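Notes follow once the structure below has been shown.
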Amino acid sequence: MTTNTYIAGTGWLYRFDPRAKLLLMLLMCVWFFLPVSLLHLSIVVGLVILSGSTNAGWHHAWRTFVSISPMLLFMVLFMPFNVRDGSPLLSIGGFTVITAEGLEQALRLMSRFIGITYVCTLLFATTVMHEVMLALRWYHLPYKASLVVTLAFTYIPFIADGFSQISESHRLREAEDEKKKKFGQRLKDLVPTLTSALVVALRSIPNLAMSLEMRGFGREERRTSYHSLDAYHHVCIHFILSCTIPVVFWFANIFF
Amino acid sequence: MQGNRNALKVAMVSVLTAVVVVFTMVVRIPTAKGYLNLCDVAICFIAFTFGPWSAFIAAGLGTALADLISGYAQWAPISFVVHGVEGLLVALIVQKKGDAAVSLGRKALAAFVCIATVSLGYFALSALFISTVSVAAAEIPGNIAQSAVGFALGLAVSAAVKRAYPPVSSLAW
């Protein structure tokens with residue numbers, strides 16, 4: 001199982017300080033909910049996709065779009081039922097299928113959804129996970145919380161591998177073809193696999209606790225860290241940019 | 001002594017969070033707004049076995065991390081709230097004093113609360129922040145099915161794990 005969301009690159013988003021990038025992500029997510037015109041919303045979404053594509057690559061941009069395409073399809077399909085009032089654009093036998101207001105609302109929702117998706121995925125595609133954790137620690141995330149996330153990421157591949165091996169061995173023992181089984185029987189057969197996988201995972205808890213104690217967890221001394229965010233320069237400028245970008249987008253909506 | 005207990009708590013929550021992530025990502029059925037999965041099995045198992053706080057943290061964090069890894073980062077805050085609350089409520093309802101068995105009535109109430117929290121939580125939060133009421137409503141049947149199956153399997157798995165690995169009962173907090 002791959003838990004790495006980072007895509008190696010050298011674009012400006014990679015050189016942007018992770019703390020400022022986190023702030024920019026939050027501000028942009030809020031910006032998408034502001035009362036702006038549809039044209040401005042679309043332009044900003046286009047700029048986000050463009051900067052994402054130039055930094056993380058067109059393949060990443062396409063893959064992200066494919067992952068949200070079923071949701072976008074649903075938005076289009078439900079468009080006739082959302083807004084019934086307003087000037088009709090398409091009518092079939094006296095039944096108004098789409099109104100101008102309904103179309104605008106659907107496009108607005110789709111643009112907002114695409115924008116939020118790209119902003120969130122770009123943060124994790126252009127920032128290494130331990131730098132995200134360091135940025136969160138800088139924002140006063142408790143040490144224990146960041147340790148839990150880091151340890152969870154370490155254990156995910158181990159538990160996933162265990163689960164795959166256990167489910168394979170259970171499948172080999174069964175004589176009956178999986179496809180011929182009824183849904184209820186399939187669920188029932190899942191219980192031994194899940195139980196074995198959980199027992200294997202739970203057995204690692206005492207060992208992990210002991211390792212933490214041996215490495216000094218719970219002592220009063222100040223903690224050291226292998227990684228730091230010192231490699232990022234012009235942090236102050238990055239923070240100013242993070243605050244300025246959404247404000248500029250907002251004023252562009254008012255004046256143009 | 002307190003340090004030892006804290007290390008055990010951190011180790012337990014970390015492994016349980018990883019379990020929720022694996023159960024969320026192993027079986028996936030694509031739907032309009034993402035995918036259906038086995039996360040509720042892991043959440044109900046944790047709620048039945050480890051208590052409210054472990055269930056809240058592991059369920060919320062595990063599902064949010066799974067969303068981040070899978071490329072559905074926009075759903076991570078919603079998943080954190082909905083599944084965290086789901087784990088907390090189910091664990092509070094089935095929490096028992098001493099060795100007394102959980103009554104059938106409480107299990108039924110926990111099942112109802114589990115299904116209602118997931119389906120209504122996702123409906124309300126996604127209608128409010130991400131999509132429209134009609135699109136969010138289209139996902140309710142899928143969420144009901146996922147949480148109902150998750151609760152039933154979680155209950156069965158919890159009993160089986162307690163029989164297969166008895167020390168698990170001493171880990172609850």
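Derivation of every value follows stated rules applied to the coordinates shown; laboratory data play no part. What you are looking at is a predicted structure, and each value in this text was computed from that prediction instead of being measured. As a convention, Cβ positions derive from the backbone with ideal geometry for all residues, glycine included, and neighbour counts pool all protein chains shown.
Straight Cα distances below 15 angstrom link A:K182 to the aspartates and glutamates A:E174, with same-chain residues fewer than 8 positions distant left out.
From its DSSP helices (H runs of at least four residues, each -39,500 (n - 2.57)), chain B gives a residue-normalised ellipticity at 222 nm of -26000 deg cm²/dmol.
Once the Cβ-Cβ distance of A:W62 and A:K144 is raised to the sixth power relative to R0 = 22 Å, the FRET efficiency obtained is 0.05.
Multiply the residue separation of A:H130 and A:S164 by 0.36 nm, subtract the distance between their alpha-carbon atoms, and state the gained length in nm to one decimal.
Details: separation 34, 0.36 × 34 = 12.24 nm, distance 2.69 nm.
Between A:H130 and A:S164, full extension yields 9.5 nm more.
Largest GNM mean-square fluctuation among B:P77, B:P52, B:P141, using chain B with Cα springs under 10 Å: B:P141.
Among the residues of A:213-220, the average count of other protein chain beta-carbon atoms within 10 Å of the residue beta-carbon is 3. So if I take the centroid of the Cα atoms in region B:105-173 and the same for region A:1-74, what is the distance between those two points in Å? Measuring centre to centre over Cα atoms gives 31 Å.
As a size descriptor, the averaged projected area of the C-alpha convex hull of region A:1-137 was calculated at 10.1 nm². Between A:H234 and A:S91, the modelled labels are 5.8 nm apart [label points 7 Å from Cα along Cα→Cβ].
Decide, for region B:110-160, between rounded, prolate and oblate: order the square roots of the alpha carbon gyration tensor eigenvalues as a ≥ b ≥ c, take rounded if a/c falls under 1.5, and otherwise choose prolate if a/b is larger than b/c, else oblate. Cα axes put region B:110-160 in the prolate bin. Note on region B:2-171: percent of Cα-Cα distances in each 10 Å bin, starting at 0 and stopping at the bin with the largest distance, equals 11, 42, 33, 12, 2, 0. Computed over the protein assembly as shown, the range of Cα coordinates on each principal axis works out to 68, 63, 41 Å, biggest value leading. Between B:V113, B:V133, B:V13, the Gaussian network model of chain B with springs among Cα atoms under 10 angstrom shows the greatest mean-square fluctuation at B:V133.
Would you please state the base-10 log of I(q)/I(0) at q = 0.19, 0.34 1/Å for region B:35-76, with intensities from the Debye formula using one equal scatterer on every alpha carbon? Each listed q corresponds, in turn, to -0.55, -1.10.
The label-point distance for B:R163 and A:V248, in a model that sets each label 7 Å from Cα toward Cβ, rounds to 6.5 nm.
Highest mobility in the GNM of chain A, judged by mean-square fluctuation with C-alpha springs under 10 Å and restricted to A:L27, A:L151, A:L123, is found for A:L151.
Each of the trypsin sites (Lys or Arg not before Pro) that DSSP puts in a loop and that has at most 10 other Cβ atoms within 10 Å breaks chain A; the longest unbroken stretch is A:1-181.
Projecting the Cα atoms of A:M75, A:L187, A:L23 onto the dipole axis of chain A, where Lys and Arg carry +1 and Asp and Glu carry -1 at the beta carbon, places A:L187 farthest toward the positive end. Estimated purely from DSSP H runs of n ≥ 4, each contributing -39500 (n - 2.57), the mean residue ellipticity at 222 nm for chain A is -24000 deg cm²/dmol once divided by its residues.
Based on C-alpha pairs under 8 angstrom that are at least 6 apart in sequence, chain A has a relative contact order of 33 percent.
How long are the semi-axes of the equivalent ellipsoid of chain A, taking √(5λ) for every eigenvalue λ of the Cα gyration tensor, in whole Å from largest down?
Over the Cα atoms of chain A, the semi-axes work out to 41, 34, 15 Å.
Along the positive direction of the dipole of the protein assembly as shown (beta-carbon charges: Lys, Arg +1; Asp, Glu -1; about the Cα centre), which of A:W12, A:W62, A:A145 reaches farthest? Final value for the positive-end residue is A:A145. Stokes-Einstein diffusion for region A:137-214 at 20 °C, viscosity 1.002 mPa s, with a Kirkwood radius from C-alpha pairs, works out to 142 µm²/s.
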